[in-house]
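One structure below.
The values are calculated or read from the model by the stated rules, or taken from the named source; none is laboratory data. Computed from a predicted model, the values in this text were never measured in an experiment. Here the Cβ positions follow ideal geometry from the backbone for every residue, glycine too, while neighbour counts run over all protein chains shown. To get the accessible areas, we keep the full protein, side chains included, count just its heavy atoms, and leave off ligands, DNA and RNA. Shrake-Rupley method; radii C 1.70, N 1.55, O 1.52, S 1.80 Å.
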Amino acid sequence: KHWSPHGPSPCPDELRLMAAPLTLLLIVAVTIRAVLFRSSLAELIPERVEVVSPLNAWKRGSGIIMMSSYLFQTPLIIYFFHFVIDYAEIVFMMADALTAVALYLAVKDYNKTVFRKQKYALEAERYPLDCLELIRTPKEMYYIPLKVAMFYLLNPFTILSCVAKSTCGLNNAVIALFILCTVKGSSLMSAIFLALATYQSIYPLTLFAPALLYLLQRLYIPVNWQRSSFWLFTTQYTFMYLGSLCVMVCLSFFLLSSWDFLSSVYGFILSVPDLTPNIGLFWYFFAEMFEHFRLFFICVFQINVFFYTIPLSIKLKEHPIFLIFMQIAIISIFKSYPTVGDIALYMAFLPAWNHLYRFLRNIFLVSVVLLACSALFPVLWHLWIYAGSANSNFYYAITLLFNVAQILLVSDYFYAYLRREHHLTHGLYLKRKDGSEATLVLK
């Protein structure tokens, strides 16, 4: 294959070859979900606290729609399900399929951008000669979009979330469409889908910065506080985002003729009144917390999700897509009511960073810990709730270890990404002034 300004340009035959595996993957994924929906597990999975939370748990009874979290869902999602209640299983399967296709197209378009930038850098001889082995080739990147879709559709976490009819799958679909529109350069649709994601759960607000950085980069507008073009586009995108969000909030008010949903939905997310065990960090800590310290620590815990946005945006301002990956991972770890469906979304991006594997330090250990914790969740839950031979400390210990492993995973990828970028600038084999081999340390 040869370099082209837009990466490899597949012919119609190649396009058909690329579409066929994706179609087969979608058929397999839908079949697995359909079989599970008709199995006895369909009654068991929605009861798992790892798969559902008070915010997205689903129940159906007496022939009408009921959410166990009815008061904690946004009015638009409740209104939507009034029309599709009889086709709920199909809706959740379609949501997963839509998410996978959106991620597939987004990563495919992102790869073209990577090729174009890489080609220009090679022509300008910006890369040191000893780091040419780090250059990504069309051959190694050809199947990455398919792998991303596969990592999402066939991830057990995604399958469990779909069979449980967790509305997390719908949130993932909205975020995936937001990423696709951002990568395609559609400012208006990007702002609308980001507003919809924020309307659903607040936390996607942190994705505003990377989306803005990517769109500025795509339009060749530098991030310069003194440039009028920077402020003009930032104002336009902010207006589109806030305007879309206001329309959704006002539409919710017209549906209910009340503002009570603001405290029921967003107040519930931020104040964490329901301490049902989950895979997050909040429930155990606040179950043991003295009431007069609660507000202070609620603020400390909630700030965690938003705190890293500014420093990461400064460090990764030239790499906004990787920043989106980092922010989605941080949200899934530190949000108040996380489920395995949230984790599945950022894990789907891991094949997109397969060029970082040589720089990862703890990937084997972290993978083993994540697998072990996933297996131990139901075991320790049974010992605690049913057998009575354990207590909440056992379950929270596994939860804590699971989240530490996620933090190590994300930190490892962050380190690997920065290290590769450093090598592309300064060379692969670093030397000290005295000629001895140097070691790169992330600080």
Item to check | Selection status of LYS112, in contact with a Pro (Cβ under 7 Å, 6 or more places away or on another chain), open to solvent by 30 Å² or more (accessible area, probe 1.4 Å) and in a helix (DSSP H, G or I) | outcome: no
Next on the checklist: Can you go through LEU71, LEU17 and tell me which one is at pLDDT below 90, within 30 Å of SER258 (Cα to Cα) and either of a type in the set (A, V, I, L, M) or in a helix (DSSP H, G or I) (or both)?
Outcome noted: LEU71
Next on the checklist: Take the conditions within 30 Å of HIS319 (Cα to Cα), without any contact (Cβ under 8 Å) to a residue 40 or more places away in the chain and open to solvent by less than 10 Å² (accessible area, probe 1.4 Å) and apply them to LEU207. Does it pass?
Outcome noted: no
Checklist entry - Within the stretch 157-181, how many residues are open to solvent by 10 Å² or more (accessible area, probe 1.4 Å) and either assigned to a loop (DSSP other than H, G, I, E, B) or free of Cβ contacts under 8 Å to residues at least 12 places away in the same chain (or both)? => result 1
Item to check | Candidate set from the stretch 220-229 (those that are outside any helix (DSSP H, G or I) and free of Cβ contacts under 8 Å to residues at least 24 places away in the same chain); member that is least open to solvent (accessible area, probe 1.4 Å) | outcome: ILE221
Checklist outcome for this item: Residue pairs within 9 Å by beta carbon, gap of at least six or interchain, first lying in the stretch 352-375 and under 18 Å from LEU428 (Cα atoms) and open to solvent by 50 Å² or more (accessible area, probe 1.4 Å), second modelled with pLDDT under 90 and not charged (D, E, K, R), listed first then second, are ARG358/LEU134
Next on the checklist: Just to be sure I understand, how many residues within the stretch 182-204 are more than 20 Å from PHE80 (Cβ to Cβ) and part of a helix (DSSP H, G or I)?
Outcome noted: 8
Checklist outcome for this item: Checked the stretch 402-429 for anything over 27 Å from ILE324 (Cβ atoms) and either open to solvent by 30 Å² or more (accessible area, probe 1.4 Å) or at pLDDT 95 or above (or both); matches are TYR429
Checklist entry - Can you spot a residue in the stretch 82-101 that is touching a strand residue (DSSP E or B) at 6+ places or on another chain (Cβ under 7 Å) and modelled with pLDDT under 85? => result yes
Item to check | Every residue from the stretch 122-145 that is hydrophobic (A, V, I, L, M, F, W, C), within 23 Å of TYR214 (Cα to Cα) and under 30 Å from the mean Cα position of the chain (by Cα) | outcome: ILE135, MET141, ILE144
